[in-house]
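S.K.: Once you've had a glance at the structure underneath, I'll fire off some questions.
The values are calculated or read from the model by the stated rules, or taken from the named source; none is laboratory data. As the structure is a prediction and not an experimental result, all values here were calculated from the model. Neighbour counts run over all protein chains shown; Cβ positions are idealised from the backbone, glycine included. In case anyone asks, the SASA skips ligands and DNA or RNA and just uses the protein heavy atoms, side chains included. Shrake-Rupley method; radii C 1.70, N 1.55, O 1.52, S 1.80 Å.
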Amino acid sequence: MSRSSFALSQRAHTEMFAARILEQIPSSLLVINQQERVVAANRNFYQKSRRTAETTLGRTLDQVFPKVLITYTQLAGKVRALLHDGQPHEGGKLTYRAPGLPQRIYYYRLIPLQGDDGAPYVLLFMDDITAQEQFQAEARQVEQRLARVVECANDLVISLDPGGQIVTWNHAAECVCGISAVQAHGRTLTAMCDDASRLALAHLLAGCAADPRSQDAVRHAEASLLTADGRCVPIAWSCSPMHDEAGRVVGIVALGRDLTERRRMEAQLIQSAKMASLGVMAGGVAHELRNPLGIISACVQLLDEASDDPVLRSECAERIYTATRRAAQIIENLLTFASPQYEQMAAVELGQVLDAALLLLRHRLLAQQINLTISAAPDLPLVLGNTALLQQVFVNLVLNACEAMPDGGALTLALDHSGVGQVRVRVIDSGCGIAPEHLARVFDPFFTTRPIGKGIGLGLSLCYSIVQQHHGVLTVESQVGQGSSFTLLLPATLRDRDA
Ligand SMILES: Nc1ncnc2c1ncn2[C@@H]1O[C@H](COP(=O)(O)OP(=O)(O)OP(=O)(O)O)[C@@H](O)[C@H]1O
Ligand SMILES: [Mg+2]
């Protein structure tokens, strides 16, 4: 075979191969010549348009496509311009319905070509993007629906970047804080918390941002937000990380529930439960006061009879002073216990709170022949707490223990460290114990096994919510017939004992 015939056959092969590729391309292609007539089309075009080579080749664009399509895309004009100046066209969307087929959406481009003869041609390239468009429309709809849900939610719905800065802030957040979405955008959420709870939220968000494995992990904490008018609103937060496809944390969703109303109701419940326990303790407290009063009265009598004896005078004075202090202490504790709770938190020594509670209950324990053992590890750290509330927790736990030991028994109160930065208090009795089927319900409000009129079933549920407010944990273990053990874990405050 001569060189020229080899080259010719090579060229024929290449052309056939190119034609086959053209046929297989999953996009519609049309080639338009200088006379604005279609000179070639691929199989995909014939299938999608339901046309044939006879009804396509040699025709102008407005004979191939519906007139309305040519008008709104100005396709014929664009082809003409391209044939004239050779500049590629950036493309656009068009909708096209072939006879008997549903409407499809295409992305089209016009590409300039040069024929063997040097004449200009235009390649009309049409990609079927119907599926992507539908998907995007559905995604937009879902997005809009979610946005409406978020806006209508009663809870705060806030999205943050991984650094904790606010990206979106819903209507509920605007109402609770009096801060608009525009004002909130870009601010650091933790900087909007009050001093006492900033660390808790910062810790929660850092946990979300740092752990890419916790795909579905939702973390919870309580932290108060400061409002535009300087109020402090308690919020229960649930936070979870948002991930990209590679599993990297790209943001955090923070849901917040305003606890103001709940706290108000709890405060009312706590107050009425306190009044109920005061009723229970009243007899014992009266008895406790009768002792020092008796001592004072006896001393006064002695002074009256032997007022000249200086030793006796001094001893009587000493006893009167001690008895007065004890009576004053009992009254002081009673008032602390009965006072309506304020949300004030301070660094408190749990041992002292426990002693104050026991002073009110001592007589009850004695009367019931309950043997009390107290142990406290040395150098226990302080906890950030509300004395009146914590006192109520201890009073409720000890009163429950008394109820469980009507014929006497042993009560152990043990204070020690548990883990890093936690103080543990255990209240262990040798009473009747709790049936396994009741164990999970004892912290439920109004769960009681005591007869009507004796117990309302609020003691433990209030203890539970008070402990939660202190960012602590309250748990119970029990064996029927052997006794129960309530364990209270409270985070130690960073403030030093001697500060
Ligand atoms: N130390 C305990 N030993 C045995 N059972 C207990 C103990 N503490 C609590 N319980 C059980 O848990 C129930 C709920 O306790 P809770 O203190 O909430 O309510 P209550 O004592 O029945 O009524 P109150 O509202 O007067 O406290 C009790 O009725 C009792 O069955
Ligand atoms: Mg109780």
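S.K.: Put a dot 7 Å past each Cα toward the Cβ at Ser27 and Leu289; how far apart are the dots in nm?
M.R.: Label at Leu289, label at Ser27, 9.3 nm between them.
S.K.: Right, here's the next one. Mind listing the phi-derived Karplus ³J(HN,Hα) values for region 310-316, rounded to whole Hz, using 6.51, -1.76 and 1.60 with θ = phi - 60°, and x for any glycine or proline?
M.R.: x, 5, 4, 4, 5, 5, 5
S.K.: Relative to the longest principal axis of the C-alpha atoms of the chain, give the angle of the C-alpha long axis of helix 350-367, reported between 0 and 90° and rounded to the nearest 10°.
M.R.: 50 degrees
S.K.: Which of the cysteines found in the chain have nothing to pair with, since no other Cys Cβ lies under 4.7 Å from theirs?
M.R.: Here Cys152, Cys175, Cys177, Cys193, Cys208, Cys232, Cys239, Cys402, Cys432, Cys463 come out as lacking a disulfide-compatible partner, given the Cβ-Cβ threshold of under 4.7 Å.
S.K.: Where the centre of each part is set by its Cα atoms, how far does region 299-340 sit from region 85-153, in angstrom?
M.R.: Centre-to-centre (Cα) distance: 95 Å.
S.K.: Here's something else I'd like to know. On a full-extension model of 0.36 nm per residue, what is the gain between Gln369 and Ile331, subtracting their alpha-carbon distance, rounded to one decimal in nm? Display every interim value, and only then the final one.
M.R.: Details: separation 38, 0.36 × 38 = 13.68 nm, distance 2.42 nm.
Extra length from Gln369 to Ile331 when fully extended: 11.3 nm.
S.K.: Enter the accessible area of Val218 (Å², nearest 10), with the probe set to 1.4 Å and all protein chains included.
M.R.: Per-residue accessible area (Val218): approximately 80 Å².
S.K.: Okay, moving on. Expressed as a rounded percentage, what relative contact order does region 218-332 have, with Cα pairs under 8 Å and six or more residues apart?
M.R.: Relative contact order of region 218-332: 16 percent.
S.K.: Could you work out the helix-only [θ] at 222 nm for the chain, with each DSSP H run of four or more residues adding -39,500 (n - 2.57) and the total divided by the number of residues, to the nearest 500 deg cm²/dmol?
M.R.: It lands at -15000 deg cm²/dmol.
S.K.: Also: How much of the accessible area of region 3-133, in percent, comes from carbon and sulfur atoms when a 1.4 Å probe is used? Walk me through the intermediate numbers first.
M.R.: On the way: 4420 of 7920 Å².
Answer for region 3-133: carbon and sulfur cover 56 percent of the accessible area.
S.K.: Give the accessible surface of the chain per residue, rounded to a whole number of Å², with probe radius 1.4 Å and ligands, DNA and RNA excluded. If you can, show how the numbers build up before the last one.
M.R.: Details: 28070 Å² over 499 residues.
That works out to 56 Å² per residue.
S.K.: How large is Rg/Rh for the chain, to two decimals, with Cα atoms and a Kirkwood Rh?
M.R.: Expressed as Rg/Rh, it is 1.34.
S.K.: Roughly how many percent of the accessible protein surface of region 154-258 is carbon and sulfur, given a 1.4 Å probe and a whole-percent answer?
M.R.: 54 percent
S.K.: Picking from Pro381, Val253, Ala435, whose Cα lies most toward the positive end of the charge dipole for the chain (charges on Cβ: Lys, Arg +1; Asp, Glu -1)?
M.R.: Projecting each Cα onto the dipole axis, the largest value belongs to Val253.
S.K.: From the residues His363, Phe45, Ala196, which one has its Cα farthest along the dipole of the chain in the positive direction, the dipole being from +1 and -1 charges on Cβ of Lys/Arg and Asp/Glu about the Cα centre?
M.R.: Phe45
S.K.: Taking region 3-133 on its own, what percent of its Cα-Cα pair distances exceed 19 Å?
M.R.: Above the 19 Å cut-off, region 3-133 has 52 percent of its Cα pairs.
S.K.: Put a dot 7 Å past each Cα toward the Cβ at His203 and Gln34; how far apart are the dots in nm?
M.R.: For Gln34 paired with His203, the spin-label model returns 8.2 nm.
S.K.: Which whole-Hz couplings ³J(HN,Hα) result when phi for each residue of region 407-412 is put into the Karplus expression 6.51 cos²θ - 1.76 cosθ + 1.60, θ = phi - 60°, listed in order with x for Gly and Pro?
M.R.: Each residue's phi maps through the Karplus curve to give 9, x, x, 10, 10, 10 Hz.
S.K.: Within a Cβ distance under 10 Å of Lys48, other residues only, what is the Lys/Arg minus Asp/Glu net charge?
M.R.: It works out to a net charge of +3.
S.K.: Quick one: Debye curve from the C-alpha atoms of region 263-491, no solvent, what's log10 I(q)/I(0) at q = 0.16, 0.17 Å⁻¹?
M.R.: -1.13, -1.25
S.K.: Let me ask you something else. Before anything else, pin down the relative contact order of region 263-491: Cα pairs under 8 Å, at least 6 apart, normalised by residue count, whole percent.
M.R.: Relative contact order comes out at 17 percent.
S.K.: Compute the length gained on full extension between His243 and Asp304: take 0.36 nm times their separation in residues and subtract their Cα-Cα distance, giving the result in nm to one decimal. All intermediate terms of the calculation are to be shown ahead of the outcome.
M.R.: On the way: separation 61, 0.36 × 61 = 21.96 nm, distance 8.46 nm.
Between His243 and Asp304, full extension yields an extra 13.5 nm.
S.K.: Within 10 Å of each candidate Cβ there may be at most 10 other Cβ atoms; applying that plus a DSSP loop requirement, which chymotrypsin sites (Phe, Trp or Tyr not before Pro) in region 379-465 survive?
M.R.: Those satisfying the criteria are Phe446.
S.K.: Pairs of alpha-carbon atoms within less than 8 angstrom and 6+ residues apart define the contacts here; what relative contact order does the chain have, in percent?
M.R.: For the chain, the relative contact order is 7 percent.
S.K.: Another question about this same structure. Starting from the Cα of Ala435, step 7 Å toward the Cβ, then list every residue of region 394-426 with an amide N under 17 Å from that point.
M.R.: Answer for region 394-426: 404.
S.K.: Determine ³J(HN,Hα), in whole Hz, for all residues of region 192-199 in sequence, where each value follows from phi through the Karplus function 6.51 cos²θ - 1.76 cosθ + 1.60 and θ = phi - 60°; x replaces Gly and Pro.
M.R.: For region 192-199, the Karplus curve yields 8, 8, 6, 4, 5, 10, 4, 5 Hz.
S.K.: Also, quick follow-up: Using only the alpha-carbon atoms of region 154-258, report the extent along each of the three principal axes, biggest first, to the nearest angstrom.
M.R.: 42, 26, 22
S.K.: Using 0.36 nm times the number of residues separating Thr52 and Val167, minus their current alpha carbon distance, what extension gain do you get? Intermediate values should be presented prior to the final figure.
M.R.: Working: separation 115, 0.36 × 115 = 41.40 nm, distance 5.46 nm.
Stretched out fully, the Thr52 to Val167 stretch lengthens by 35.9 nm.
S.K.: A further question on this structure: Taking a 1.4 Å probe, which of Glu305, Glu15, Glu222 shows the most accessible area, and what order do the others take after it?
M.R.: So, going from the largest accessible area down, we get Glu305, Glu15, Glu222.
S.K.: Angle, helix 459-469 long axis vs. longest principal axis of the chain, Cα atoms, 0 to 90°, nearest 10?
M.R.: Once rounded, the angle reads 60 degrees.
S.K.: Okay, next question. Can you tell me the 0 to 90 degree angle between the C-alpha axis of helix 75-85 and the longest principal axis of the chain, rounded to 10?
M.R.: The two axes meet at around 70 degrees.
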